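What follows is a short report on a single structure.
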Amino acid sequence: THIPDILMLTISLLHDIGHPPFGHAGEKALNECMIGCGGFEGNAQTLRIVSKLESFSGRSGMNLTRRTMLGILKYPASYKELNIDKDAALNPKNVDPTKCFYDCDLNVINWIMDGFDEKTALYFRSIEKNTTQFKSLDCSIMDISDDITNAVHDLEDAIRMKTINIETMRSFLGEGFFENYNEYLKKTYPNEKCNNEKIDTYKNLFSEDGNKREIGRLIGYFKNNICTKEQFASKNILLSHKADINKEASKIIEGLKKLILKRVIFSPQLQHLEFKGQQMVRTVFNIFANEPERLLQKKTYNKYIEACEDKRVICDHISGMTDRYLKMIFERL
């Protein structure tokens, strides 16, 4: 099927706009605040923004096409469908958001799926082991692109900022980690002098003159190992097929992501910042929830009353803030 460049660009640019202040740290904090009220999840919030909250159109958010919305829909199951155990989530420490869409946005999902035959649509939205099974073809392309970006460009940033060094990376991943990638280099660039020697990708990544080249070649390697696979039998290729990446390349992506997670994101320095952000998000939410009439902006308070004092309105308000704006509100309060 033909996939227009502008469609993939739109889906890719939109897919993370639901992230609240302080990213995944803020996401966990808002989810804690919304336990018992439908939860909070960044991808679910993206869907809500583009379909309802954005003011481009009167009632339809950004007024996007069904196919664009389908490309954004990473988890086609509702909070309620995933049988959330609210009691298990009452411990507020680092509650992981459920990968879903909000129950209150089911009408949007029904609109997106309108046009597919009912059997195919239901199977596409089916759940196994308390999680969704499928993404659309467009969404799977975006998702792989996101994984490559997280693996390669987060590594590039960590090297540039000196938050990781070559010894740490080599010992964490092991000497044979880039073996398949090195074989790809020999086949793709057969005339290079380095092919007569043992290729040291670690050294190339940390060299001043070779870093950018190696980052570009890693991305090329991943792109060249992407294929399409059938997820389930259906006449509609948008639902039945997905983009996938081969096993060897996938191992490298997952290895790089684990490296960044354990050696950068879970470092005390970064965790201090995440902890601080979470505290600010929780505090501002609780203050607004306890005294909405006194402290919410008039426009937001009116929405809150119209929605029968639904905390989702307060959640929408806070999740749309930037880090800097939320910090300013926190300090003011």
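The values are calculated or read from the model by the stated rules, or taken from the named source; none is laboratory data. Computed from a predicted structure; not experimentally measured. Glycine gets a Cβ as well: all are built from the backbone with ideal geometry, and neighbour counts include every protein chain shown. With ligands, DNA and RNA removed, areas are computed over all heavy atoms of the protein, side chains included. Shrake-Rupley method; radii C 1.70, N 1.55, O 1.52, S 1.80 Å.
For Phe101, nonlocal amide neighbours, meaning residues 5 or more places apart or on other chains whose placed amide H falls under 5 Å from its own, are Ala77, Ser78, Tyr79. What is the distance in Å between the Cα centres of segment 281-333 and segment 157-220? Measuring centre to centre over Cα atoms gives 47 Å. Each Lys or Arg adds one and each Asp or Glu subtracts one; over the other residues with Cβ under 14 Å from the Cβ of Thr65, this totals 0.
Per residue, the chain exposes an accessible area of 56 Å² to a 1.4 Å probe, with every protein chain left in place.
I need the trypsin sites (Lys or Arg not before Pro) found in segment 48-80, filtered to DSSP loop residues with at most 16 other beta carbons within 10 Å of theirs.
Within segment 48-80, the qualifying trypsin sites (Lys or Arg not before Pro) (loop, at most 16 other Cβ atoms within 10 Å) are Arg59, Lys80.
Converting phi to 3J(HN,Hα) with the Karplus coefficients 6.51, -1.76 and 1.60 and the offset θ = phi - 60°, segment 203-215 yields 4, 5, 5, 9, 7, 5, 7, x, 4, 4, 4, 5, 4 Hz in sequence order, with x at every glycine or proline. Of the residues Met62, Tyr79, Trp111, the one whose Cα sits farthest towards the positive end of the charge dipole of the chain is Met62 (charges of +1 on Lys and Arg Cβ, -1 on Asp and Glu Cβ, taken about the Cα centre). Could you calculate the FRET efficiency of Ile166 with Asp103 from 1/(1 + (r/R0)^6), where r is the beta carbon distance between them and R0 is 51 Å, rounded to 0.05? The formula returns an efficiency of 0.55 here. Counting Lys and Arg as +1 and Asp and Glu as -1 over every other residue whose Cβ lies under 14 Å from the Cβ of Thr163, the net charge comes to 0. Expressed to the nearest 5 percent, the antiparallel share of DSSP beta bridges inside the chain is 80 percent.
Across segment 237-329, how many lysine pairs, 8 or more apart or on two chains, come within less than 19 Å at their alpha-carbon atoms? The result is 8. Per-residue Karplus couplings for segment 224-232, computed as 6.51 cos²θ - 1.76 cosθ + 1.60 with θ equal to phi - 60°, are listed in order as 6, 10, 8, 9, 10, 9, 7, 8, 7 Hz, Gly and Pro entered as x. With the biggest extent put first, the Cα atoms of segment 240-284 measure 44, 29, 6 Å across the principal axes. Taking 0.36 nm per residue of sequence separation and removing the Cα-Cα distance, the Cys308/Asp244 pair yields an extension gain of 18.6 nm.
All other residues whose Cβ lies under 13 angstrom from that of Pro97 are scored, Lys and Arg at +1 and Asp and Glu at -1, for a net of -1. Once C-alpha pairs closer than 8 Å and six or more residues apart are averaged by separation and normalised to the residue number of the chain, the relative contact order reads 22 percent. On the basis of the beta-carbon distance and an R0 of 25 Å, Lys187 and Arg213 show a calculated FRET efficiency of 0.90. Give the distance, in whole Å, between the Cα centre of segment 226-262 and the Cα centre of segment 19-77. Between the Cα centres of segment 226-262 and segment 19-77 lies a distance of 24 Å. With θ taken as phi - 60° and the Karplus curve 6.51 cos²θ - 1.76 cosθ + 1.60 applied, the whole-hertz 3J(HN,Hα) list for segment 129-144 is 6, 6, 8, 6, 9, 10, 10, 5, 4, 4, 5, 5, 5, 4, 5, 5 Hz, x standing for glycine and proline.
If you wrap segment 203-333 in the convex hull of its Cα atoms and look at it from every side, the mean projected area works out to 14.2 nm². Over all orientations, the chain has a Cα convex hull whose mean projected area works out to 19.8 square nanometres. Using just the helices of the chain, give the 222 nm mean residue ellipticity in deg cm²/dmol: DSSP H runs with n ≥ 4 each add -39,500 (n - 2.57), and the total is spread over all residues, rounded to 500. Dividing the helical sum by the residues of the chain leaves -16500 deg cm²/dmol. Restriction of the trypsin sites (Lys or Arg not before Pro) in segment 186-244 to DSSP coil positions whose beta-carbon has at most 12 other beta-carbons within 10 angstrom yields Lys198, Lys235. Ignoring ligands, DNA and RNA, what percent of the 1.4 Å accessible area of the chain is carbon and sulfur? Exposed carbon and sulfur together represent 50 percent of the surface. Annotation note: chymotrypsin sites (Phe, Trp or Tyr not before Pro) in segment 210-241 located in DSSP loop regions with a Cβ neighbour count of at most 15 within 10 Å are Phe232.
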